[in-house]
Amino acid sequence: MIATEILKIQGNLQENIEDNKKLEQAAKLIQQGGLVAFPTETVYGLGANGLDPKATAKIYHAKGRPSDNPIILHISRREDLYPLVKGIPKMAEKLMENFWPGPLTLIFEKSSIVPKDVTGGLDTVAIRMPSHPVAHALIEKARLPIAAPSANLSGKPSPTKAQHVIHDLMGRIDMILDGPKANIGLESTVVDVTSSTPIILRPGGITYEQLKGAVGEVEIDQGIQEDLKEDFKPKAPGMKYTHYAPNAPMTIVQGPKNAVLCKINEMTQNDIDKGKKVGILATEENKEEYPKGLVFSLGRRNQPETIASNLFDLLRQLDEKKVDVIFAEGIEEDGIGMAIINRMNKAAGHRIKQV
Ligand code: TXA
Ligand code: MG
């Protein structure tokens, strides 16, 4: 057991001397090889010195993360990128101009100073420049690329609140910066820029449509779309692991509104008759349509960013309520919907019912 220090942080840094002192303390811990969880605009990250294999080894240990799953390096300035990569393609420049700082991670050929321990043995490295003021200030003060996966136990939903980090990692890491809720609520979009056309390896905060708008052609890795077979290797190693899985089995029901409502209500009644506790993930527009079961509102169908921001917290609440089975409404796939569906499909182990 490690004594985990929890430091409350307001996140409004310009005038907050207390916050700045705490950030200096956190940055020093990172420089000394410690582990610090901190808020970003996507989800909370678990940070360590990205150039120190001993420090990054602690991340894998604390999360129970498989050692072949590479970690994103976080930087705060454009010039921090140059020593970490071999070259910067033109289209990557465009993506950075448009979306950095922000929820976009780019995969480059790595330089020799990046240890293979952080890249899961790969010759490429993932880099992101977060826009969150706390994340930005922490990197600025540490003056190091900060390696940071999501700050959850491996396999659990990514943490969108400090409370989630405390739940998973208390006693396993040195410090938690307890700030406001992460605003986007889903992880960054991961894009491989090592071949001529950029390839989305993980959908996230920056959408397919936004990327296309900036650079024209964009591909989507097969690993995102399907229930992966044993022998298929997605380009982002993290996409092959079971993720976000709530304890209870979850089924997504897709189709026209009335058919979905009917099917979920019918399955709910069936399971209640068998003595089961049923959780329902409904959109705000439909939540009154379910007379039975424990209904949670995902957020608004016509404002999918609200669904993105609630989803991981709801998956954790379903565990807390100890439901036996979960039914979820499907949602539309455009915009941030692609990332939401990707995470929901993983949470459901790809159990999807078309009605
Ligand atoms: O929003 C985010 O990206 C958050 C915050 C903390 O920045 N971080 C995050 O990290 O989600 P993590 O480790 O949970 O997910 C990183 C994903 C994994 O699927 C990993 O396999 C992939 O990025 N990845 C990292 N380096 C890679 C590389 N060199 N090549 C391909 N995929 C890579
Ligand atoms: Mg993660």
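Quick one: order S76, S112, S195 by neighbouring beta-carbon count within 10 Å, fewest to most. Display every interim value, and only then the final one.
Working: S76 20, S112 7, S195 10.
Result, fewest neighbours first: S112, S195, S76.
Projecting each Cα onto the charge dipole of segment 171-317 (Lys/Arg +1, Asp/Glu -1 at the beta carbon, about the Cα centre), which of A282, T251, M267 comes out farthest on the positive side?
Ranked along the dipole, the leading option is M267.
List, in order, the whole-Hz ³J(HN,Hα) value for each residue of segment 20-30 obtained from phi through the Karplus relation with A = 6.51, B = -1.76, C = 1.60 and θ = phi - 60°; use x for Gly and Pro.
Result, ordered by residue: 4, 4, 5, 5, 4, 4, 5, 5, 4, 4, 5 Hz.
Could you tell me the calculated FRET efficiency between K276 and H167, based on Cβ-Cβ distance and R0 = 30 angstrom, to the nearest 0.05?
Working: r = 25 Å, r/R0 = 0.84.
The computed FRET efficiency comes out at 0.75.
With r defined as the distance between the Cβ atoms of H61 and K257 and R0 fixed at 41 Å, what FRET efficiency is calculated, to the nearest 0.05?
Taking R0 as 41 Å, the efficiency between H61 and K257 is 0.30.
Assigning unit charges at the beta carbon (Lys, Arg +1; Asp, Glu -1) and nothing else, what dipole magnitude in debye, to the nearest 20, does the chain show about its Cα centre? Could the numbers behind the result be given before it?
On the way: 44 positive and 45 negative charges, 145 e Å.
Roughly 700 debye for the chain.
Rank the residues M91, M1 as a footprinting-exposure proxy: fewest other Cβ atoms within 10 Å of their Cβ go first.
Working: M91 20, M1 6.
Fewest-to-most ranking of M91, M1: M1, M91.
Arranged by the count of other C-beta atoms within 10 angstrom, fewest first, what order do T207, T42 take?
On the way: T207 18, T42 29.
Sorted ascending by nearby Cβ count, the order is T207, T42.
Could you go through segment 125-133 in sequence order and give the Karplus-derived ³J(HN,Hα) for each residue, using 6.51 cos²θ - 1.76 cosθ + 1.60 with θ = phi - 60°, rounded to whole Hz, and x for Gly and Pro?
Residue by residue, segment 125-133 yields 9, 9, 10, 9, 10, x, 9, 5, x Hz.
By a straight-distance test (C-alpha under 25 Å), which lysines pair with K277 as possible cross-link partners, with residues fewer than eight away in the same chain excluded?
Straight-distance partners of K277: K156, K257, K263, K287, K292, K321, K322, K346, K353.
Is any residue of segment 145-168 close enough, with backbone N under 19 Å, to a label point placed 7 angstrom from the Cα of I113 along the Cα-Cβ axis, and if so, which?
Counting only backbone N, you get 145-148.
Can you tell me how much longer the chain between R78 and K233 gets when fully stretched, taken as 0.36 nm per residue apart minus their C-alpha distance, in nm with one decimal? Please report the intermediate quantities before stating the final value.
On the way: separation 155, 0.36 × 155 = 55.80 nm, distance 3.14 nm.
Stretched out fully, the R78 to K233 stretch lengthens by 52.7 nm.
Along the Cα→Cβ direction, 7 angstrom out, place labels at R351 and Q31. What is the inter-label distance in nm?
So the two model labels end up 5.1 nm from each other.
Relative contact order, percent, of the chain when contacts are C-alpha pairs under 8 Å separated by at least 6 residues?
Numbers: 789 pairs, mean separation 67.7, N = 355.
Normalised by residue count, the contact order of the chain is 19 percent.
K212: which lysines have alpha carbons under 22 Å from its alpha carbon, excluding same-chain residues fewer than 8 sequence positions away?
K90, K94, K235
Readers should treat all values here as calculations from the given coordinates under stated rules, not as data from a laboratory. A quick note: this is a predicted structure, and the numbers were derived from the prediction, not measured. Neighbour counts run over all protein chains shown; Cβ positions are idealised from the backbone, glycine included.
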